[in-house]
1. Could you tell me which of the residues B:ALA288, B:ALA226 is within 14 Å of chain A (Cβ to nearest Cβ) and not acidic (Asp, Glu)?
2. What tally of residues in the range B:254-277 results from selecting those that are out of contact with any helix residue (DSSP H, G or I) (no Cβ under 9 Å at 6 or more places or on another chain) and modelled with pLDDT of 95 or more?
3. What is the one condition in (1) in contact with a Lys or Arg (Cβ under 8 Å, 6 or more places away or on another chain); (2) in contact (Cβ under 8 Å) with a residue 24 or more places away in the chain; (3) facing chain B (nearest Cβ under 10 Å); (4) within 21 Å of A:GLY331 (Cα to Cα) that A:LYS194 does not satisfy?
4. Mind checking which pairs have a first residue in the range A:225-247 that is touching a residue at least 40 places away in the same chain (Cβ under 8 Å) and a second that is basic (Lys, Arg) and in a loop (DSSP other than H, G, I, E, B), Cβ under 8 Å, 6 or more apart or different chains?
5. Is there a residue in the range A:236-244 that is part of a strand (DSSP E or B) and closer than 20 Å to A:GLU352 by Cα?
6. Kindly check whether there is at least one residue in the range A:319-331 that is surrounded by fewer than 20 Cβ atoms within 10 Å (Cβ to Cβ) and either of a type outside the set (A, V, I, L, M, F, W, C) or within 30 Å of A:CYS572 (Cα to Cα) (or both).
7. Give the residues of the range A:160-183 that are crowded, with 18+ Cβ neighbours inside 10 Å and either over 22 Å from A:VAL323 (Cβ atoms) or within 14 Å of chain B (Cβ to nearest Cβ) (or both), sorted by residue number.
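The values are calculated or read from the model by the stated rules, or taken from the named source; none is laboratory data. Keep in mind it's a predicted model, so treat the numbers as computed, not measured. Here the Cβ positions follow ideal geometry from the backbone for every residue, glycine too, while neighbour counts run over all protein chains shown.
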Amino acid sequence: MTALQTDRRKFMLGSTGLLATGLAVPAWARGESLSHARQGFGEVSGERIALSVDRHHFGVGGRKGHAIAVNGTVPGPLVRLREGQNVRIDVTNKLTEDTSIHWHGLLLPFQFDGVPGVSFPGIKPGETFTYEFPIRQSGTYWWHSHSGLQEQEGHYGPIVIESAEPDPRYDRDYVVLLSEFSPRHPHEIARMLKVGEHYFNYQMQTASEGDMPLDERLMWGGMRMNPRDISDVTGATYTFLVNGHGPMDGLEYLFAPGERVRLRIINGSAMTFFNIRIPGVPMTVIAADGMDVAPVEVDEFQIGTAETYDVIVRPPAGSHALVAEAMDRSGMGLASLTSHKGHRATPPPLREPVTLTMADMGMGSMDGAHGGTMKHDAHGGMDHSGMNHGGGEASPAMDHGATDHGAMDHSMRDTSKLPPDVKVGPGIDMVAPMPMDRMDFPGLGLDKVDHRVLRYTDLKAARTNPHRMPTRQLTIHLTGNMERYMWSFDGEKFSAVTDDPIRFAYDERVRVKLVNDTMMAHPIHLHGHFFELVNGAGMMDQPLKHTVVVQPGSTATFDVTANEPGDWAFHCHLLYHMHAGMMQTVTVRPFPAPEDKA
Amino acid sequence: MKARALLGAALMLAAAPLVAQDHSGHAMPDHSSHQQEPEKEPAAEDHSKHQQAPAPFVLPDMTGAPKMDHSTMDHSAHQVGDFPEGPPPPEAFEGAQHAADAIYGPAVMAEARATNHATHGDMKTGTLMAERLEARIGDGEDGYLWDLQGWYGGDVDKFVLKSEGEGAFGGAVEDAEVQALWGHAIGPFFDLQAGVRLDIEPDTRSHLVFGVQGLAPYMWHVDAAAFLSDRGDLTARIEGEYDQKLTQRLILQPRAELELAAQDIPEREIGEGLTKFETGLRLRYEIAREFAPYVGVGYETKLGATRSMAKAAGNDPDGLKLLLGLRAWF
């Protein structure tokens, strides 16, 4: 216990300014019912932890609405653990509906993974459910509800697991938990996505806005696609939060000049990818999704929903803006990293809205550096330009027939390119004609910036992985229909395949290739496992992750050793995509595993 | 009969975009409730569909393995090799259908799975929209018009309600109809709609309705339907509209509507052939997405035999109107 408390002193939460009150009032920990959830979070640790889920009000920057707070705060408390310990967590549901907590990124017995209907029945109103598992890892993770749309309402929080050995890489340690708050009820947001066309998008191309030439506009219109379809839900309803604080709240992270500050950046949002940068301060990425990577210095990186990155910064004296710009540039989360208490840094302005390109349609490769929209005529030119940039190798899958017909639409939804196990129907509005691996793509809108941006190809595992070749490949198509707001894997919603899971044999090593047949980036999360990104790092240096962003119209591939028996959720971590059905069960059999049977 | 052919051709024309674009969806019936389709299940490809354990999987020879997925070209600097696809090994099929059943009991887990469906794909929702709620000001008498549409349902099947009508201010309602339709997605962008239409004015009459509605290429919203009345009269209506954003909230909407009849309907002063063409340009401002007042101009003209009938009756077959209205929904 002494060791734990010593460590806790070293570990600092949020801003001192805001935090001073936070530490002084831990009353919420005893489950008091508050009418208004507090912004920011406290901390729980040890071998017995109690969490209480209750309904509250929440307000930030003039926007107010309902929230679900855990232990009275939004976000809920930091769960701080130590590698090698055991933990029992009692979760009490004070809502009038079922709830759950999923421990995102934690290796644990599947029955404590917290996904209602997959790993356990859920927690009924008034009930307390006890999670109990050993801590087998260290790093930065998070937890959130896996019931309905509760996560959007504030039901999430950070997890920090300290390594068994001391970590000498930093002097200060901060959590940077990114999320959103909307005054609208998430069911209403879900309905607007279904019935309102681009309801939250106020950055569409108009007669006066956007520099796309007319022929390209016609081509996009001809395909019934919107090149400004970057984010489904935007700053039009979201206030972007850092540790529960809005951009105007003046959240501060204090440091002394010369100190190495570890920032544990967690994207705990429901729907938002963020571009993270601290202008003037380079960041050294030391971990991705909780797992250490070989240090790599960058000036900016994009973090997909549900990903985490740990960075070390050594800022010069002064106040520096920690900017979490929404990928679609409709708003930002903001905090100050400052050596002078009370000095707010001036944030840079939001950058120009992002416009999708040919590569995002799966029309072939354009390397990130030269990105941009390609000039071509509205019809035939397209296929050829895609090929030219593709590196010269002619693809047998190219649909030359489409060129002859002069209709783009044929090649943008040629369902004959799909394998037979993909169910073709109204839920598929596009088939990427020439999907490319884009592990080297830094993220929508970051391919043209003039500083160093992290790419998946920059990530290398800090510790070498055992060398094992996969014995088979599994291809999964990410499918959707933007107009109808339908999302699925292989054309089938989770509700249709509940009894037909993706099957792995225990200890089987499989190469999983995700083909994104949509024009949105999807953060795909596998529960209970770490997979290795096939990013060119070499089989033994492939970085371990629990979530991979599959870029629009592209493929992403990972190798996974299925060594955690049981049923696990596998889904797009964009909350409303999952809600629409973009989810499956991955089952690892036999269960229990052979050695457990003894 | 010529008119029937013309009507048919026009309907074909309206349906052409979706035939052209959505060939797969068009050709395929909906399989949403089907668990699997045995006829297209090559064992080597279909990894997830097998309920039974397949033959043991043989470790392939990696060295000479051909690329299975030709649609992907790996030109990036790094190598993303493809491995042969195959079914999972037999042990992947061992044990109970759902692992959690063994821990928490099958009954409680079955209940949880059932609850899950609504929150993972089977959400039902709906909307009600007043597409046009307007005053029409022109030569002669000023009138009003309503054009409402609503739906409730899931991704594939919906209940659709439509109502249209018009009248003169201070006068009686001249035309009023209500449609109750079943909508069924037949492709990514189009729904088939079938149901009934009840005319309340000018006289009570019922119709069977069969049509398509959806989004045509170049973002035109299209609604085309044929109506068979209880007296055996066949008519049709095709309408399209397009939203051109001038700014994020100021939207210019051209709209066109064409009506056809397969025979004379004298009591409604409708002649065989093309009967009416209506076009309009509306400029709306979205104070909120759900609430947008507009101004516009509308022009309508009677065509063919219908036009002659109108003229013979001493009615003006053309009309230009100033439109003041509201587009609102929730």
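1. Residue meeting the stated conditions: B:ALA288.
2. Counting residues in the range B:254-277 that are out of contact with any helix residue (DSSP H, G or I) (no Cβ under 9 Å at 6 or more places or on another chain) and modelled with pLDDT of 95 or more gives 5.
3. (4)
4. A:THR237/A:ARG184
5. Yes - at least one qualifying residue is present in the range A:236-244.
6. yes
7. Hits for the range A:160-183 are A:VAL160, A:ILE161, A:GLU162.
Yes/no per residue for (1) buried (at least 23 other Cβ atoms within 10 Å of the Cβ); (2) closer than 21 Å to A:LEU106 by Cα:
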residue: A:ASN465; (1), (2): no, yes
residue: A:ARG472; (1), (2): no, no
residue: A:SER488; (1), (2): yes, no
residue: A:PHE494; (1), (2): yes, no
residue: A:GLU508; (1), (2): no, yes
residue: A:ASP517; (1), (2): yes, no
residue: A:ILE524; (1), (2): yes, yes
residue: A:VAL534; (1), (2): yes, no
